[in-house]
Amino acid sequence: MQTKVVITGGPCAGKSSALSHIKACAEAHGYTVLTVAETATELISGGVAPWTCASNAAYQACQMRLQIEKERVFARAAEGMRAERILIVCDRGLMDNRAYMTGEDFDAVCAALHLTREDCLAEYDAVFHLCTAAKGAERFYTTANNQSRTETPEEARRIDDRLIEAWEGHPYHRIIGNEGSFADKMACLTRALEEFFARGEKA
């Protein structure tokens, strides 16, 4: 059985740390965990970026194509693994791209890929959004740990809001805020994961 989830959020939200929490929680529930790395960082660090492509829309189309293919490769690989339950964790999902372009451009890219917004949402069983540290934990906000990130705190908050909006309509969309410490944030994520796994085990 394959299950696919997304970990997303604004800049400096704690996704890297969250991935280890997700892996530990999933393995405790008997899952073998596969992780699809973030496509934007991979492309931008390789020289393919919104400012090097013909347009932002052209870049986003490249990103979505690669993202789709990577997820398909992981799904195909999982089919041949000797594991009863496999969790594919995607560091960002297809709808994240919607936050970085206009609605018209997103619709055009989806049409070129023979997808709809509903198709993109349906690709994932759950979406866990970590809010940027720029919302309520400003003293911890930094882009120093990711050369592909240059957003100011104000820009980070705006992107965070757009990401939340992009995933609206998904039946299991959980937003993890910055109330309390970072440990509290990870504990909240763990509770959301436990709830998700419990639902699957009852199905």
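Here, each number is a calculation from the coordinates, and none is a lab measurement. These numbers come from a predicted model, not from an experiment. Don't worry about glycine lacking a Cβ; one is built from the backbone with ideal geometry, like all the others, and counts go over all protein chains shown.
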Handout entry: Ranked Ile44, Ile176, Ile7, criterion: other C-beta atoms within 10 Å, fewest first
Key = Ile44, Ile176, Ile7
Completion exercise
Charge dipole of the chain built from unit charges on the beta carbon (Lys, Arg +1; Asp, Glu -1), centred at mean Cα; most positive-end Cα among Ile68, Ser16, Ile176 is Ser16
Handout entry: Set of lysines with alpha-carbon distance to Lys135 below 27 Å, sequence-local pairs under 8 removed
Key = Lys15, Lys23, Lys185
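Please give the FRET efficiency for Ala198 paired with Ser45, using the beta carbon to beta carbon distance and R0 = 41 Å, rounded to the nearest 0.05.
Details: r = 38 Å, r/R0 = 0.92.
Efficiency computed from Cβ-Cβ geometry: 0.60.
Excluding Val5 itself, calculate the net charge of residues whose Cβ lies under 11 Å from the Cβ of Val5, where each Lys or Arg counts +1 and each Asp or Glu counts -1.
Value of the local net charge: -1.
How big is the shadow of the Cα convex hull of the range 8-66, averaged over all directions, in nm²? Before the final figure, lay out the partial values.
Numbers: hull surface 20.0 nm².
With the hull built on Cα positions only, its mean projection is 5.0 nm².
What is the ratio of the Cα radius of gyration of the chain to 2.2 N^0.38 Å, where N is its residue count, to two decimals? Please list the in-between numbers first.
Working: Rg = 16.6 Å, N = 203, 2.2 N^0.38 = 16.6 Å.
Taking N as the residue count of the chain, the ratio is 1.00.
Largest first and in whole Å, what are the equivalent-ellipsoid semi-axes of the range 1-119 based on the Cα gyration tensor, each being the root of 5 times an eigenvalue?
Numbers: eigenvalues 151, 53, 32 Å².
Value: 27, 16, 13 Å, ordered largest first.
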